[in-house]
Every structure is written in C-alpha cells, then in structure tokens.
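Peer 1: One structure follows; several queries about it will come next.
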Amino acid sequence: MTEDRVHAIGYQRIAAPGRRASAIWPIARTLVTLALKRRATKLALILCLGVVVGHGIWLTVQLLSVRFAAELGMRAGAFRLQDAVGNVQEVLASYLQIQFYFTTPAIAVVAGGAIADDRRAGAFELYFSRPLTRLSYGLGKIVGTAAVPLTTLFLATLILWLAAVGIAPPHIRADLWSLALPALVGAGLATAVLTAGMVGMSALARRSTGVAVAFVALLLLGSAVAEGLAESHQLWGGYLSPERDLRTLFDALLEPGASSFAGSILGGRARVNPSVAGSALALGLYIAAGLGALWVGIRREVTS
Amino acid sequence: MIDLAGVRKRFGATLALDGVTCRLDGRAIGLLGPNGAGKTTLMKVLLGLIRPDEGQVRVLGLDATREPRAVRMRLGYAAEGPGRMPGLSGLESVAYAAELCGLRRRQALLRAHDMLDLVGLDESRYRDVETYSTGMHQRVKVAMALVHDPDLVLLDEPTSGLDPQSRDALLDLVVHLRDGGGPAVLLSTHLLKDVERTCDACLIMQAGQVRFAGRLADLQLPQAATYDLRLARPCPPLAAALEASGAAVTLGRRPEVMEVRLPEGAPVEAIWRAIAATDAAVFHLEPRAASLEEAFLHAIGEAP
C-alpha cells in the first residue's frame, strides 16, 4: 500500500462545534468574490480607480504648488495659483460628485444579481433551510453591496483627505482637520443611497442584467430628466434626482466655493437644490424605499 | 424523532397535507408516496419553511413552528430542485453552506473537504458547480446537507436522474450514515427499492394523508395471505378443493407448483384441510412475503 493513498474514513461528527459565527460576513464575502470573477466588475473598478488617481493628482499638484508658493513667499502668486487649481474642499466635492457617476455602474455590475440571482437559481431554499434569519440574509447582501461604494467613495475620500493632510503646508493643514467629518458624511450618504437602491431593486427582480441596466438608467438618466425639470423652473423636480440631492449636500457640507479653472475642466460646479433639508429628506426617502423593497422582496420568498 | 399531530396545510384549493398524524423513529426513514402526495411539503413543514394551517410539528423534541431556527440547526436538507450557488465551485458551495450554519471559515473548509470525500467527489470539487453532471450535483447537495453535522438529514429525491452507478453510491452512503453513527436520514422517494435497501422505517403518504407509518418489517399485506405450494407430484383435485374453500389458485408452469391466495381472515389450516381431503403429497408450503411494492400499492389503495 502506497503512502499517498487516500482513505475514506467515513462520517465524522464535529468534535467541538465552538461558538457560532454570524452568517452576514460569509454572505457579503461570497457576493463580492463572485462579482470579482467577472471582467465587467474589474473594468468598472478600474474606471473608479482612475477617478481616484485623477483627483489625487489634482490634489497633489494643488497642494504642492500652494506649498511652494508659500515657501517662496509668493502670497499674491499663490492666490492666483489657487484660482487656477482650486482648494481641497473643491477637490473632495468634485471627487464625490464624479465618483458617484462611476460607482453607479460599478455597483450595478457587482450587486445587480445580489438577490435576483438567488431567486433565479432557486437558492432561497438553500439559504433558508439553514438556521439563517431574513435579517442576516438581508444584512449580508447589504454589506456585500456596500463594499463597492465603501471602497470607491468612503475609503477613497478618506485616502484623499489623508493625502491632503500629509501634503498640505501647515497653515492649510489646520483647516483640513475639520474637513474629514463632512467629507466622510457625504461619502457615507452616497454609499447609503447607492446600496439601498441597488439591493432594493435586486430584491424585486429576477435577472441581474435587467436590474443593472434599470438601476443605471433610473439613477443617471432619471437624474438628467429631473435636472431638466429643475432647470426649467420646476424646482421640485430637482429633489427627484438623488444625484442632485447628494450634490446639494456635498456643497453644503464641504463649502467648496466658486469653481476654479481646474474644476471647470471637470464640469465645474453644477447647480444645486434650494433647500438642503429638502434634499436630505429626499435622500432619506430613497434609502427607506430601497430598504423597504429589500424587505418586501425577501419576505415574499421566505414565509418564516 | 418526528412527531406530527393533525398537520394540515392548504395551498389555495389544494390540500397538500390533510391531518397528518404520525410518530416516526429510526435511523433511516423512507418517505414514500406518488407525485403530489405531499412529501416535499411535509419536509418543508419539518424544516419550519412552511407554517402549517393546523396541527403540531415536533422534530427532535423541538417545535418546528415555534423554534424553526433551532430545528434547522439540527437538520440538514438536500432539496430536490436545482438549487445551487451559481459561480461557486463544489468545495466553495459546501464550505459556504457550513458558514451559513455558523461554522468559522477554516473549520468550514476542513469540514467541506471531509464531506466531499465522504460523498466521493474528487478533484472536480474545485470546478464550478454549473459544469457538474446531475450525479455530481446530487453529491454536492448531500454534502451541503451534512456539512454542519445535523442530527437528522432530509434527502428529497436524491437519486432522481442518477445513473445506476451513482445511484448505488448514493444509497451506499445512506446505508453508511444509517449504520455508521452519522445523522438519521429521512429519504423522500418514489423508488420503493431505494427504501427497501436503505430504510428501517417508512411513512407512506397519498393525497396529503398518511397511509402507513412505522417499521418496514411491519409493512405487510394485512388481510389476504398468499402461499407458494409445491407438490411432490401433480394433484388436479387439490386446486378444485382449494377453490371450493374460497381460495384463489394460480397454477405455475409446472402442474405441481401453484400459488394459493386465501380469502381475508382465512387460516392456513384451510390449505391443510384441502391437502388432507385430496391426499396430495406436499413437498413445500411457504407463505409468500409481500414485496414492498405490493404493500405500498395496498397502502395507497391501488393493489391489484
């Protein structure tokens, strides 16, 4: 008998079961792992990375030029320079706004099938014949879906802010400390809107491709229509656009001021809704609608 | 192990379970019945996936309607349908199932390998499940049902669609579980031979009602008894004498061999009296054991 022969030893009971781990993380991890196997996911994430790098370069150039100008005592020149390259607030506001556009298709590719694919593959029975609650399942899907905007929006904003703090000359650095919270709140809101909308739509559908296309179309094209309404003096229309609502909050939180020359290359400061509270309320309603749809979708499939 | 009292479940106009009452114990229990008998519904009721309209369901001493999660923790379930996790390999699927039951990642992977060894899935465990044959799918489903070390595993039509070799292997596994200290098995099937080979108890259902519940050995034709009679030499008057006493006689290919079916409640002495009256020389007289098929058909009221 050779040494490398494998022997079946029969059924073995688990000796020490140990403390039970939560199922939320495995569900989230599996969702992301499956998405990362797809080429479209990698492409979408590379585009998001491009946005981070682009804004990182803008931020670096801006702060280094301000730093050099300050060190050389070119105060008047530095002011002109700032008009050209903008300030950190403007970079972060621009980053959140542009990255929202790029993250929308990325999250659609990653999580369009988060729940729809389970329905199509008949996997609900597989999940709920185990000691898994609807809440754990829903949270697992939310965490997995949120992984994309948490990375591209929240984490990347944090990295850009840290880079800004690291590079900035001392007289600007003091102002930057107070910028972290509003920037991260803005990123967190965008994350919540995208995640809730995505899981809500996936929970009600059966095909991941359909969900992804509908999500992108609704969020981006729907936003364009809402923008059009707002621009034609139907101000209420602006609140129908989650993107415009977010932009309103980004501007209110970060106070970027007038658009610089560099900022105008990237589209400049778009118009915002007149009421910040109205936009916050609209965003809250979007998030609630997404989570409600998720709950209804899961409840429809699982009776207990 | 399973204790059901007056369980009733209706889906619209269809009464899937009609006052199911039974008490089942055993290492391997066959759940028999024609299509639409309510077998799958009963399994889902046991799992707490379907709440019965009426009645009490106790599994392993737990109330399945009040403590479904605790019940599912102790049950394993291999559904009949194509339920699978698209995009995962066999190993990942089984490990994922373990994690959903609360096992930690490392333990889940080790256990998944053990279970895949047990069901005989070789290096193909690393392939995507969507490339698997039906037999491989069934093995993965059984491994997923066993991975968290349940006390009772419910297998819904596990041999359907399998080639004879795979079917043999799967039934061997059920026998191994029955005899090897693994979980008890509830095997739902319409293949009587599978039950005959693997089970020590059975539950026969038809139209949502229990027709028999108990040990396989007790499943006999309760009324008419059939005997194989072989004479030393042909004796034509014997058949006439037996028929005169109310028995049904079927002559074999050879004139000295016959099958005697006594009327309900008639004792074997009726045969002996006819033998004595005709002076026949008996070589062999033996009651014929009813096959499971006969007993099953009798139980569901379709006996010839």
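The values are calculated or read from the model by the stated rules, or taken from the named source; none is laboratory data. From a predicted model like this one, the values you see are computed outputs, not experimental measurements. FYI the Cβ positions are ideal-geometry reconstructions off the backbone, even for glycines, and counts take in every protein chain you see.
Peer 1: Which of the numbered conditions does B:His113 fail, given that it passes all the others? Conditions: (1) within 30 Å of B:Gly36 (Cβ to Cβ); (2) more than 9 Å from every other protein chain (Cβ to nearest Cβ).
Peer 2: (1)
Peer 1: Step by step: first the residues of the stretch B:76-91, then only those that are within 8 Å of chain A (Cβ to nearest Cβ) and in contact with a Leu (Cβ under 9 Å, 6 or more places away or on another chain), then the one that is farthest from A:Pro26 (Cα to Cα). Which residue is that?
Peer 2: Looking only at the stretch B:76-91, we keep the residues that are within 8 Å of chain A (Cβ to nearest Cβ), and these are B:77, B:79, B:81-88.
This time we only want the ones that are in contact with a Leu (Cβ under 9 Å, 6 or more places away or on another chain), so: B:77, B:79, B:83-88.
On the way: B:Tyr77: 20, B:Ala79: 22, B:Gly83: 18, B:Arg84: 16, B:Met85: 13, B:Pro86: 15, B:Gly87: 15, B:Leu88: 13 Å.
Of everything passing the filter in the stretch B:76-91, B:Ala79 is farthest from A:Pro26 (Cα to Cα).
Peer 1: Which numbered condition trips up B:Leu203, out of (1) over 14 Å from B:Ala280 (Cβ atoms); (2) surrounded by fewer than 21 Cβ atoms within 10 Å (Cβ to Cβ)?
Peer 2: Tallying (1) over 14 Å from B:Ala280 (Cβ atoms); (2) surrounded by fewer than 21 Cβ atoms within 10 Å (Cβ to Cβ), B:Leu203 fails exactly one: (2).
Peer 1: So, one more: In the stretch B:57-75, which residues are small (Gly, Ala, Ser) and at the interface with another protein chain (Cβ under 8 Å from one of its Cβ atoms)?
Peer 2: The first filter runs over the stretch B:57-75 and keeps only residues small (Gly, Ala, Ser), leaving B:61, B:64, B:70.
Selection gives B:Ala70 alone.
Peer 1: For A:Trp177, which of the numbered conditions (1) closer than 30 Å to B:Cys101 by Cβ; (2) over 16 Å from the mean Cα position of the chain (by Cα) fails to hold?
Peer 2: With (1) closer than 30 Å to B:Cys101 by Cβ; (2) over 16 Å from the mean Cα position of the chain (by Cα) applied to A:Trp177, the lone miss is (1).
Peer 1: What are the residues in the stretch A:109-126 that are touching a residue at least 24 places away in the same chain (Cβ under 8 Å) and facing chain B (nearest Cβ under 7 Å), if any?
Peer 2: Just the residues of the stretch A:109-126 that are touching a residue at least 24 places away in the same chain (Cβ under 8 Å), to begin with: A:109-117, A:119-120, A:124.
Listed by number, the list holds a single entry, A:Asp117.
Peer 1: Pick from the stretch A:1-42 the residues that are under 20 Å from B:Leu118 (Cα atoms) and within 7 Å of another protein chain (Cβ to nearest Cβ): which of them is modelled with the lowest pLDDT?
Peer 2: The qualifying residue modelled with the lowest pLDDT is A:Ala8.
Peer 1: Looking at (1) out of contact with any Cys (no Cβ under 8 Å at 6 or more places or on another chain); (2) within 11 Å of another protein chain (Cβ to nearest Cβ); (3) not hydroxyl-bearing (Ser, Thr, Tyr), can you tell me which one B:Arg139 breaks?
Peer 2: (2)
Peer 1: Can you tell me which residues in the stretch B:88-131 are assigned to a loop (DSSP other than H, G, I, E, B), in contact (Cβ under 8 Å) with a residue 40 or more places away in the chain and surrounded by fewer than 20 Cβ atoms within 10 Å (Cβ to Cβ)?
Peer 2: Correct list: B:Gly120 only.
Peer 1: I need a count of the residues in the stretch A:124-177 that are crowded, with 20+ Cβ neighbours inside 10 Å and not in a helix (DSSP H, G or I).
Peer 2: 5
Peer 1: What number goes with the only condition from (1) in contact (Cβ under 8 Å) with a residue 40 or more places away in the chain; (2) in the same structural domain as B:Leu32 (by TED's automatic domain parsing); (3) out of contact with any Leu (no Cβ under 8 Å at 6 or more places or on another chain) that B:Glu264 does not pass?
Peer 2: Going through the list (1) in contact (Cβ under 8 Å) with a residue 40 or more places away in the chain; (2) in the same structural domain as B:Leu32 (by TED's automatic domain parsing); (3) out of contact with any Leu (no Cβ under 8 Å at 6 or more places or on another chain), B:Glu264 breaks only (2).
Peer 1: Does A:Gly290 satisfy the condition of being within 21 Å of the chain's Cα centre (by Cα), within 23 Å of A:Ala224 (Cβ to Cβ) and at pLDDT 85 or above?
Peer 2: For A:Gly290, the condition - within 21 Å of the chain's Cα centre (by Cα), within 23 Å of A:Ala224 (Cβ to Cβ) and at pLDDT 85 or above - is met.
Peer 1: Does B:Leu154 qualify as being touching a Leu at 6+ places or on another chain (Cβ under 9 Å), in contact (Cβ under 8 Å) with a residue 40 or more places away in the chain and under 25 Å from B:Glu99 (Cβ atoms)?
Peer 2: Answer is yes for this residue.
Residue by residue, here is whether (1) modelled with pLDDT of 90 or more; (2) facing chain A (nearest Cβ under 8 Å) holds:
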{"position": "B:Glu99", "(1), (2)": "yes, yes"}
{"position": "B:Arg125", "(1), (2)": "yes, no"}
{"position": "B:Gly135", "(1), (2)": "no, no"}
{"position": "B:Met144", "(1), (2)": "yes, yes"}
{"position": "B:Leu155", "(1), (2)": "yes, no"}
